[in-house]
Structure formats: structure tokens, C-alpha cells
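Worksheet: the structure to be examined is printed underneath.
Every number in this text was worked out from the coordinates using simple rules, so none of it is lab data. The shown structure was predicted, so the numbers you read here are calculated from the model rather than taken from an experiment. Please note: Cβ atoms are built from the backbone with ideal geometry, for glycine as well, and neighbour counts cover all protein chains shown.
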Amino acid sequence: MPTPSPESPMHTQPIPAIRSFNAGETIFTLGAPADSFYILLSGCVELTKNDEPGIRLRGRNAFGLEGIINASGVYPCTALADDACRVAQYPADVAIEMLQNSSRTQQLILQGLAHILAASWSRSDHKDQSDMKTQFIGRIQTVGPGQWIMHDGEQSTEIYRIISTDQGLEVVKNGTRLAVIAEPGDIFGEMACLLHEGRTAGIRSLGNSVLEVYSPEQLTSMLADYPDFSLRLVTTLAQRLAKTTRELAAIKGRQASSPEEM
């Protein structure tokens, strides 16, 4: 029987606590320490904040992670059981590990965020997304040809959005170009901020580029107040997840088609 190779270690999925809530019961409250995140197994959960209309989640959605990845460390809303429901509860200290090693958890979290953002946008007073694209909330940074924005492995946590670029920005890993990003509105640098880890690649401007720079402290308010930014961020994460999934499937396919060593 083949055993996993050292290059492909197997990760043990954390075992959650399965909890049941009756309609109207509180799962967590606004401002409380974010010590857990949840995956909805059945029923309906309502997320509320102050006097704003609630957002209802059904199906296999994840929620409660925002307080863990944000610097505040507290829940940004209250979660109530809208009807009888069951949830899987995971401790905060396994959140980053699951984000890194479980594509299924990544998908559930993205689904939950996308649902919340769609509901937020539908009730937002800012109906015209084109208006959002002309508002600059972060610091404006101009870079010239060959100038590095970040280096692979460095401990920095700013998030960047492209305002304009005439030749694009290249993504470099170990001296090899992985990609070129050039679309105005594209976001990069978010993984170091969300996962509190070093940069996974370097970014260098090929020509003249104008960027908007956000600090980690601005992320919470940006996600809450600017649905266009939030939707772009979730889309970016979803696209990268899909790309990684395709690459892993291709690697597994090549491994399966190769004859086993005798």
C-alpha cells in the first residue's frame, strides 16, 4: 500500500463541536471575543448589527471568521438562530490552518462572504458601483518601471489595488514570472494580511503604475462600508482558489498516469 510522500504531507482535519440552537437563541454577540467560527449544517442563521436589517444564511455557509482575521479580534455582528439549526463550531486557533489546508473550508467561507456581501449590496444606499471606483480611501502610491512593491517572504501586510498601469505588474517567485496583473481594480497582497504570514511572491511594476494602498486596520471598515471593494476581494480569492484547485488536480493527474517505482 503506497504511503504519502514527504513532499505531500497529509493534514488532519480538526474535529468540530456540533451544536444545536433553538429559534431565537444567540450563537455569538456583537463585540464579544471571536474565539470560534462556524459552519452551518442545517436551519437558518440571522446576522444582525445594531438596528440594521438582518442577513439570513442557509445551506453550508461559514460565518464568524471576520472577527478572527481582523485586528479587532471581536465579532462584528450578532448571530442568532432564525429557526432551529445545527452548526459545526471550530476554535479560532485552527482557522488559519484550515484556510491554508482545506479547500472545502475555503469554499464555504467564500460562499458565506459572497452571500453576506450580496445582501449588504442590495440594501446599500450606494447603488451605482461606478461611483465606488472613483473614490480613493487608501494612500496613493506611484511606482516606476522595475520598481518592487513587495518581495517574496517579506513581513509586510498592506493590501494594494491597481488604479492604473501602462504595462502591468509581474508576480515573481524564485526569479520566475508567475503572472502579470494589469486590470484596474485588481487587488493583491491580501493573503499576507488575512493569514498574518510573509509574502508568498514578489510584485514588480513593469511600467508606470498607480496603486491604492490599504493598511490592515482599514480592512474591517472597507469590507463593511464599500461593497464594491469587498466583492472584488472575494472574487480575487475565489479565482485564486479555483486556479490552485486546477493546478493540484493536474499534478494528481500526472502522478496517477506515471508508473509507480518498483
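Mind giving me the FRET efficiency for SER164 and SER72? R0 is 51 Å, r the Cβ-Cβ distance, nearest 0.05 is fine.
Details: r = 32 Å, r/R0 = 0.64.
So, using R0 = 51 Å, E works out to roughly 0.95.
Please sort 168-179, 39-50 by packing, taking for each peptide the average over its residues of neighbouring beta carbons within 10 angstrom, highest first.
Details: 168-179: 13.9, 39-50: 17.6.
Descending mean neighbour count gives 39-50, 168-179.
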